[in-house]
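The structure appears below as structure tokens.
The values are calculated or read from the model by the stated rules, or taken from the named source; none is laboratory data. From a predicted model like this one, the values you see are computed outputs, not experimental measurements. Ligands, DNA and RNA are excluded from the accessible area calculation, which covers all protein heavy atoms including side chains. Shrake-Rupley method; radii C 1.70, N 1.55, O 1.52, S 1.80 Å.
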Amino acid sequence: MRNNKTNTLDLSIFGQRVKECLISQGLTQKQLAATLGVTARYVGKIENKGQHPSLQVFYKLATMFALSVDDLFYSK
């Protein structure tokens, strides 16, 4: 299967939601990373570059911040 850029999932909205949740809860990237068991750099890439998180990290973020999948992918 070829990697076609037009078919890739844009997770920039997801990253924005993560950033908003961090700010609203007064958490740092480093604190969130420790909770998730990842590096702060990984969290930063999710927030700022739309990096695709693993399914496990995605699930932890959604449950930690009590967000539905719609909240994570669609702008308000």
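Observations on the model:
- Based on Cα contacts under 8 Å between residues 6+ apart, the chain shows a relative contact order of 38 percent.
- Mean residue ellipticity, 222 nm, helices only, the chain: the sum of -39500 (n - 2.57) across DSSP H runs of n ≥ 4, divided by residue count and rounded to 500, is -17500 deg cm²/dmol.
- Alpha carbon Rg of the stretch 37-76, scaled by the compact-globule rule 2.2 N^0.38 Å: 1.15
- Quotient of Cα Rg and 2.2 N^0.38 Å for the chain, N being how many residues it contains: 1.09
- Rolling a 1.4 Å probe over the protein heavy atoms gives the chain an accessible area of 71 Å² per residue.
- Probe 1.4 Å - accessible area at SER54, Å² to nearest ten: 50 Å²
- Net lengthening on full extension, SER24/ALA66 (0.36 nm per residue, minus Cα-Cα): 13.8 nm
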